[in-house]
Amino acid sequence: METIITNSPSLKEEDFVRISDFIYQHCGINLHDGKRELVHARLSKRLRNSDFNNFSDYIDYVLKNPDDREFSLFIDSLSTNLTSFFREEQHFDLMSEKFLPALLKIKEKNNDLRLRIWSAGCSSGQEPYSIAIKLNEAVKNNKWDIKILATDISKTMLETAQNGLYDEDKIAQIPAELRNKYFSRQTIRGRKYFQAMGELKDMIIFKHLNLMENWPVKGPIDFIFCRNVMIYFDKPTQQKLVERFWKLLAGGGVLFTGHSESLTGIKHSFKYISPTVYMKA
Ligand SMILES: C[S@@+](CC[C@H](N)C(=O)[O-])C[C@H]1O[C@@H](n2cnc3c(N)ncnc32)[C@H](O)[C@@H]1O
């Protein structure tokens, strides 16, 4: 629960409208009226950490300076970056145990040794690292050329993802055997951390990408993970996104969405596999 600091300046109606209009246009996030308190609470923190005394001046500055770090912090503060290793674990099992064996056989027959995966909205990297671990465990033969594209709108999240350095408590979901195999232990100023090893990092390409803009992404992609991202978008935005994912996926490719992001209410031609799992059959 977020609380508003009582001595924070008030958020004027016109400023809330400017913020929500901009955020919707820029990154598709739907900050409807019910999010007013959340916007106020989160931006109050930004105000306290910067030199601005009111929201109007802060927003003027941020919108005029999209290359400034504060712009990224503004976007970050209004989006949700929550993630974890092996979140919604059934997706990783389905990928490696159900879809992958058949896919590799077909690819081998067609002399196509490339496997392409996209983690769209990868936050601080736990999703693409989980994919990399699963694939590394499942595909033993190194003749395969496996690349995971991991993208996010948040530059700060991408920095964390690229570093691959995680606090001890963030790593708890990874079984000990895999943790020891794919992460090295570090102690920094008395705190314990785990760092993803080169073997995993080499499989992932981290890139800044806004899903509302052009995608410099080369298809066809075999698996797209876009989980817990679309939930913040409205239906028309979700519709467009799903159509674009369809175009980019290979025949037989699979789209994984987050636990509360079924494609109900969206027009599409995907084959339903199970809740939140859709195949371009
Ligand atoms: C809740 S996290 C989900 C992380 C991960 N996919 C998972 O399920 O654990 C949502 C991520 O989507 C990103 N995001 C929101 N809008 C975006 C956009 N327009 N383009 C790219 N990424 C976006 C946010 O920055 C955030 O890191």
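The values are calculated or read from the model by the stated rules, or taken from the named source; none is laboratory data. Model, not experiment: these values are computed from the prediction. FYI the Cβ positions are ideal-geometry reconstructions off the backbone, even for glycines, and counts take in every protein chain you see. Note: accessible area is taken over every heavy atom of the protein model, side chains too, but ligands, DNA and RNA are not part of it. Shrake-Rupley method; radii C 1.70, N 1.55, O 1.52, S 1.80 Å.
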Looking only at residues in region 177-202 that are surrounded by fewer than 12 Cβ atoms within 10 Å (Cβ to Cβ) and small (Gly, Ala, Ser), which one is farthest from Ile133 (Cα to Cα)? Gly190
Those helices (runs of 4 or more DSSP H) completely within region 1-100 that have 3 or more residues that are open to solvent by 40 Å² or more (accessible area, probe 1.4 Å) are 13-27, 36-48, 55-64
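Somewhere in region 208-225, is a residue outside any strand (DSSP E or B) and on the phi > 0 side of the Ramachandran plot?
no
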So which of Lys105, Lys170, Lys147 ends up being open to solvent by 40 Å² or more (accessible area, probe 1.4 Å) and in a strand (DSSP E or B)? Lys147
Can you spot a residue in region 119-137 that is in the same structural domain as Ala161 (by TED's automatic domain parsing), assigned to a strand (DSSP E or B) and at pLDDT 95 or above? yes
Which ones in region 207-252 are within 24 Å of Lys35 (Cα to Cα), buried (at least 19 other Cβ atoms within 10 Å of the Cβ) and not aromatic (Phe, Trp, Tyr)? Leu211, Cys226, Arg227, Asn228, Val229, Met230, Gln238, Leu241
Does region 260-276 include one or more residues that are under 18 Å from Tyr129 (Cβ atoms) and in the same structural domain as Ile133 (by TED's automatic domain parsing)? no
